[in-house]
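In what follows, a single structure is set out as structure tokens and then discussed.
The values are calculated or read from the model by the stated rules, or taken from the named source; none is laboratory data. Owing to the predicted nature of the structure, the values given are computational and were not obtained by experimental measurement. Note that each Cβ is placed from the backbone with ideal geometry, even for glycine, and that neighbours are counted across all protein chains shown.
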Amino acid sequence: MSLHEVQKEKQIKSKMKQFLSFIKKEFLHVFRDSKTMLMLFGLPIAQITLFGFALTNEIKNSRIVVLDQAKDIASQEIVQKFEAGRQFTLDRTLNNPNQIEEAFRSGNLKLAILIPANFYEDLQHLHEAQIQIISDASDPNTANTLTTYASNILMDYQLELMQNAKLPMSIDTDIRMLYNPELKGATNFVPGVIALVLMLVCVLMTSVSIVREKERGTMEILLVSPFHPFLVILSKAVPYFILSLFNLGVIILMSVFLLDMPFNGPVWLLFAESGLFILTCLSVGLLISNSTKSQAAAMLISLMGMLIPTLLLAGFMFPLENMPWPLQLISNVVPAKWFYIIVKSIMVKGLGFAAIWKETLILFVMTILLLLISYKKFNIRLS
Amino acid sequence: MKEIVIKTEKLTKQFGNFIAANEISFEVYKGEIFGFLGANGAGKTTAMRMLCGLSRPTSGNATIAGFDVYRQTEEIKKNIGYMSQKFSLYEDLNILENIRFFGGIYGLSRQEIREKSEKLIDQLGLEMEVKKLVGELPLGWKQKLAFSVAILHEPSIVFLDEPTGGVDPVTRRQFWDLIYEASDRGITIFVTTHYMDEAEYCNRVSMMVDGKIEALDTPGNLKMKYAANSMDGVFYELARGAKRKAD
């Protein structure tokens, strides 16, 4: 080895040492600050619990009332069927149509079922009978879901009746809910929560931690030191990268074991894709920190600029397909949208890289662009 | 002949139409305590940033510890220390962690860091506070600690940007004891201050007015020249001619 090479190696070694002392210091910052710790580790647990147990869109045990004016075999069988399922709980039976309105007003009644007199007779002789379902549509989504449940129950009953009579022709619809046969909410929101938590932690934490150095005057000290500014940024990113991967592990374990979330695809692929998404978020955080001077501003921009679009436009809270086209267009620049698709494809559908290369490429290009812009901004600030 | 460690020739920094530092020329000698005075907005910070390699001059020349401010900023950064008016250690780390971190980014070996931190803690009498977070220390101690950390890597020059702002007179005096000690060891001190009693402690003082250096001499000579009893009078005499408004 020539003298030059020895010197070069020594230089690289000392750079590594600088880098390591910086990363160590960043970890100390994180572990010292109870607010940061809470945000890092409390947030994913809170989110999963919240979404998993409180904000579920599965509907169970909705209270219903029945006004059975027929009181014959058929009507009783139908009422029994309603009681049997776990979707409905029979609150009480009414005797008078006037009571219906009152019942709805009095509280959390979701559905009323009216069976007119002579129900069975009509069915037998006229081959046609009527049932009225009244639902509380102040929450349209719930009302829709509940009336569908109710129609299905009635349809089932009808099929049972038909077994006795032979119809000339019939179409059997066989509906299969692919990937999520039990229609669990978890498959939809867990990928969303993963995107949300990684986004929040990475964007917010990086931007705030860089801006904090500016605010406290320590950034100046770092810039005067022989430590390269680029390394300052890089060593800020490393701890949050590692902590985010740890976070991801916690979320996945919780959702698989507590919420029965399926995990069909390769684990390594999910972690690799998450690594990419974390990089995207870190570069957003970097860009924010390069454009703001105070921690408060950085926090506000991170929350308003990233959290809200992620919630609204990533597709897991509100379906993108139903949005007006300008919003659909904007949603394309929300990184979480693509990551959401990726996570869903891997965890729920069990697909491999071939199915998600397009989304991966989009995230990759976004990251490179963001990094280029923030590096340029950083250089301008320095001169 | 005294050894020159800072030498500037017509060093200028222009932001658009505004000339923050206008053809500054001066020399600073090894081991000297050099006071860099001026009203707010006179261009002190701009000049200092150029000397530290943080800001590229628009024109003129300067060498710091023998290195060129245009081409050898990396080398300059290795050979200077810096402490700013804002407090510059990490408040959420303890004393030892701060020393280790700054030692680490200046490339000191673990062995060196251990020896130096022991010496430093002993010198400042901080044995009992080693595990305390820096944020819990009184301001005066923080400043002394920050100065000691800034010269941990034995730089040839240390830049102090209003190091004693907000500190009581007794602690300020102690702070200056540290400065004298460093200067005795051959470290050059380049200090900005607004306290005129501190200006008296300097070997030589320069006065910046409107981006130019209006006066440069020992405190004694300056007082004689401007027929003032104290540096306060000298400062007032020079600064009242300023056209620029303080920011």
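Filter region A:21-70 down to the residues that are more than 35 Å from the chain's Cα centre (by Cα) and either in the same structural domain as A:M199 (by TED's automatic domain parsing) or assigned to a loop (DSSP other than H, G, I, E, B) (or both) and list them by number.
Here is the first cut: in region A:21-70, the ones more than 35 Å from the chain's Cα centre (by Cα) are A:21, A:66-70.
Within region A:21-70, A:S21, A:Q69, A:A70 meet the criteria.
The set of residues in region A:321-352 that are free of Cβ contacts under 8 Å to residues at least 40 places away in the same chain, in a helix (DSSP H, G or I), aliphatic (A, V, I, L, M) and buried (at least 17 other Cβ atoms within 10 Å of the Cβ) contains only A:I341. Only residues that are at pLDDT 85 or above and touching a Ser or Thr at 6+ places or on another chain (Cβ under 6 Å): list them for region A:27-62, please. Selection gives A:V30 alone.
Being among the acidic types (D, E), within 11 Å of chain A (Cβ to nearest Cβ) and assigned to a helix (DSSP H, G or I): is that true of B:E97 here? Judged against the criteria, B:E97 is a match.
Have a look at A:L287, A:L370 and point out the one that is under 30 Å from A:F227 (Cα atoms) and at pLDDT 90 or above.
Numbers: A:L287 fails: at pLDDT 90 or above.
That would be A:L370, the only listed residue that is under 30 Å from A:F227 (Cα atoms) and at pLDDT 90 or above.
Checked against the criterion of being touching a strand residue (DSSP E or B) at 6+ places or on another chain (Cβ under 9 Å) and surrounded by fewer than 16 Cβ atoms within 10 Å (Cβ to Cβ), the candidates B:V130, B:V149, B:V158 yield just one match: B:V130. Taking the conditions exactly as written (surrounded by fewer than 18 Cβ atoms within 10 Å (Cβ to Cβ), among the acidic types (D, E), in contact with a strand residue (DSSP E or B) (Cβ under 6 Å, 6 or more places away or on another chain) and more than 14 Å from every other protein chain (Cβ to nearest Cβ)), does B:E75 satisfy them or not? It is false that B:E75 is surrounded by fewer than 18 Cβ atoms within 10 Å (Cβ to Cβ), among the acidic types (D, E), in contact with a strand residue (DSSP E or B) (Cβ under 6 Å, 6 or more places away or on another chain) and more than 14 Å from every other protein chain (Cβ to nearest Cβ).
For A:F41, the test of being of a type outside the set (D, E, K, R), touching a residue at least 40 places away in the same chain (Cβ under 8 Å) and within 14 Å of another protein chain (Cβ to nearest Cβ) is failed. Of the helices (runs of 4 or more DSSP H) lying entirely inside region B:107-214, the ones with 2 or more residues being of a type in the set (F, W, Y) are found at B:139-150, B:169-184.
Within region A:80-94, the residues that satisfy the criterion of being assigned to a strand (DSSP E or B), closer than 12 Å to A:D68 by Cβ and not β-branched (V, I, T) are A:L90, A:R92, A:L94. Taking into account only those residues within region B:100-129 that are in contact (Cβ under 8 Å) with a residue 12 or more places away in the chain and among the β-branched types (V, I, T), which is farthest from the other protein chains (Cβ to nearest Cβ)? Taking the candidates together, the pick is B:I121.
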